[in-house]
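Shown next, in structure tokens, is the structure this report addresses.
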Amino acid sequence: MSIRNNEFMNITITDPVKLSDKFGSYISYKINTVTNRPGLVQDRFVTRRFSDFVWLSKELSRIFPGIILPALPEKQTVGRFSTEFVEARLRGLERFLQKISNHNEINKSEQFVLFIQADDSSFTKAVEDSKASKPKLPSTAMKWFEGTVNSIQNSGKAEIERTAADDQVDDMQAYILSLERQMTSISKNAEIWVRKCRESSLAMLDLGQSFTNLTSTDSDLLGQNISELGKTIEQVSTLSNSHAEAQGMHTEEPFDEYVRDIISVRNAIQQRQDKRSAYADALTDVQVKQNAYKKLSGVSGKEDQANQKQQLVVKAQAIADSAKLEYDQVSERLLREFELFKYQKAIDLKNILSKFIENQMNYYRKAEESWLSFSPDAVRLSVTPANIRFDDDFPSAPLFSPPPPVPNPNEYTSFPHDVDDMIGV
């Protein structure tokens, strides 16, 4: 739940439903929003599909360059309609929206509000309008752009003086590179561990059923205890399977999401680099146009052409100033976002580890209780002729006589003449 200045917003996702359209099948999700924010419907639900979440993420990234957006669940082609995958995706999408609702800069954006409040027809129209309104360079602008590119290629790109922000971004990239390697390793091993936990629970179930089947024809005390042992193993197997599911949800999924969040950081860094390149291109264009103006400035009979070149310099400078402003804004946003990223991820990591330990303790405590509930008589049971049921044509005696005692070589000063004397027969 997001709470800011007595305003709150609680977003949950429920009721995944498989639907179809002319393009194929998909899953629809019910998004429930409860809030007291002014201007919003206080209790509202809408339905969205995964591609709608992708649209929201792309729009927020485009409008707020340098923002570190929460990661969306990964796409999957095979098994994308399985219950396990749909439920895991639902949890990931819910975390995605909850994190956006907690973000001060984007939680009031038009796109986010539209996503959680608009009805289906209004939302579909807004998505189509956004795709149609994406800026396209007109022919005159394209000619200017091509001329600028040619000028840059001919004269070389302008150099931008390094700042403290550049050093911070360099440190950020080194940190992210190291963190990505470590988290990828943890995520991979968590996935392997959860898979082996599931396999172990199935193996325990088979073992328990085998013990139970072993005693299906016996009713003696030993058989009853073996049957009880089989049932106890099956009970522990159920606990083990629940434990594996819990660890998949609370350990494997968060670490996998952590790796995708790191990719979001790299995307934000790249957006800053794109703005830096755009600013450098704009500065280069200013230099090119200034040189063109200088060639005509003061030349008799070229006053009109010089004035035109001067106007181009003014326009190019305005574009460069705008590019610098965008670059500075994105740099500031990125540095601010990265500090929030590190702070939030430290909290997330602490919660993941705490939940991991809690799940481990709960599992082993319940498993211990299951084993302790197993009849103590079974542990103390001694197998004697009285415990074993024999058919009438068998004597009531042990099936095997105890082996003869092993002679002590030290009792003999010489090897006995008769072997029978040695074995006591």
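At a glance:
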quantity: When residues of region 1-58 are limited to those that are on the phi > 0 side of the Ramachandran plot and part of a strand (DSSP E or B), the one modelled with the highest pLDDT; calculated: ASP15
quantity: Check on MET172, modelled with pLDDT under 65 and not hydroxyl-bearing (Ser, Thr, Tyr); calculated: no
quantity: Pair list, Cβ < 7 Å and 6+ apart or interchain, from region 237-262 residues that are among the basic types (Lys, Arg) to residues that are buried (at least 20 other Cβ atoms within 10 Å of the Cβ); calculated: ARG260/ALA71
quantity: Criterion violated by TYR29 - all others in (1) out of contact with any Asp or Glu (no Cβ under 8 Å at 6 or more places or on another chain); (2) touching a residue at least 24 places away in the same chain (Cβ under 8 Å) satisfied; calculated: (1)
quantity: Qualifying positions in region 164-198 - within 30 Å of ASP285 (Cα to Cα) and either of a type outside the set (Val, Ile, Thr) or without any contact (Cβ under 8 Å) to a residue 40 or more places away in the chain (or both); calculated: ALA164, ALA165, ASP166, ASP167, GLN168, ASP170, GLN173
quantity: Candidates LYS157, LYS131, filtered to the one that is surrounded by 13 or more Cβ atoms within 10 Å (Cβ to Cβ), more than 24 Å from PRO38 (Cα to Cα) and either among the hydroxyl-bearing types (Ser, Thr, Tyr) or modelled with pLDDT of 70 or more (or both); calculated: LYS157
quantity: Yes/no for SER109 being over 15 Å from the mean Cα position of the chain (by Cα) and open to solvent by 40 Å² or more (accessible area, probe 1.4 Å); calculated: no
quantity: Failed item in (1) under 14 Å from LEU114 (Cα atoms); (2) of a type in the set (S, T, N, Q); (3) open to solvent by less than 20 Å² (accessible area, probe 1.4 Å), with SER57 passing the rest; calculated: (3)
quantity: Unique match (being free of Cβ contacts under 8 Å to residues at least 12 places away in the same chain, within 29 Å of ALA268 (Cβ to Cβ) and surrounded by 12 or more Cβ atoms within 10 Å (Cβ to Cβ)) among ARG62, ARG48, ARG95; calculated: ARG62
quantity: Close pairs from region 294-321: first part of a helix (DSSP H, G or I), partner at pLDDT below 90 and basic (Lys, Arg), Cβ under 6 Å, at least 6 apart; calculated: LEU296/LYS302
quantity: Any chance TYR364 is assigned to a helix (DSSP H, G or I), in contact with a Lys or Arg (Cβ under 8 Å, 6 or more places away or on another chain), over 29 Å from LEU60 (Cα atoms) and open to solvent by 40 Å² or more (accessible area, probe 1.4 Å); calculated: no
quantity: Test: SER382 is farther than 19 Å from SER227 by Cα, of a type in the set (Gly, Ala, Ser) and either modelled with pLDDT of 55 or more or open to solvent by 60 Å² or more (accessible area, probe 1.4 Å) (or both); calculated: no
quantity: Evaluation of GLU94 against (1) at pLDDT 95 or above; (2) out of contact with any Ser or Thr (no Cβ under 8 Å at 6 or more places or on another chain); (3) within 25 Å of SER20 (Cα to Cα) (one fails), failing number; calculated: (2)
quantity: Members of region 207-234 found to be within 23 Å of GLN360 (Cα to Cα) and either modelled with pLDDT under 85 or not basic (Lys, Arg) (or both), listed by number; calculated: LEU207, GLY208, THR232, ILE233, GLU234
quantity: Residues located in region 325-339, provided they are open to solvent by less than 100 Å² (accessible area, probe 1.4 Å) and charged (D, E, K, R); calculated: GLU326, ASP328, ARG333, GLU337
quantity: SER178 out of contact with any helix residue (DSSP H, G or I) (no Cβ under 8 Å at 6 or more places or on another chain) and open to solvent by less than 60 Å² (accessible area, probe 1.4 Å); calculated: yes
quantity: Residue list for region 225-271, filter: open to solvent by 60 Å² or more (accessible area, probe 1.4 Å) and either touching a strand residue (DSSP E or B) at 6+ places or on another chain (Cβ under 6 Å) or within 19 Å of LEU177 (Cβ to Cβ) (or both); calculated: ILE263, ARG266, ASN267, GLN270
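The values are calculated or read from the model by the stated rules, or taken from the named source; none is laboratory data. This structure is a prediction, so every number in the text was calculated from the model and none was measured. Positions of Cβ are generated from backbone atoms using ideal geometry, with glycine treated the same way; all protein chains shown enter the neighbour counts. Accessible surface is based on the protein model in full, side chains and every heavy atom, while ligands, DNA and RNA are left aside. Shrake-Rupley method; radii C 1.70, N 1.55, O 1.52, S 1.80 Å.
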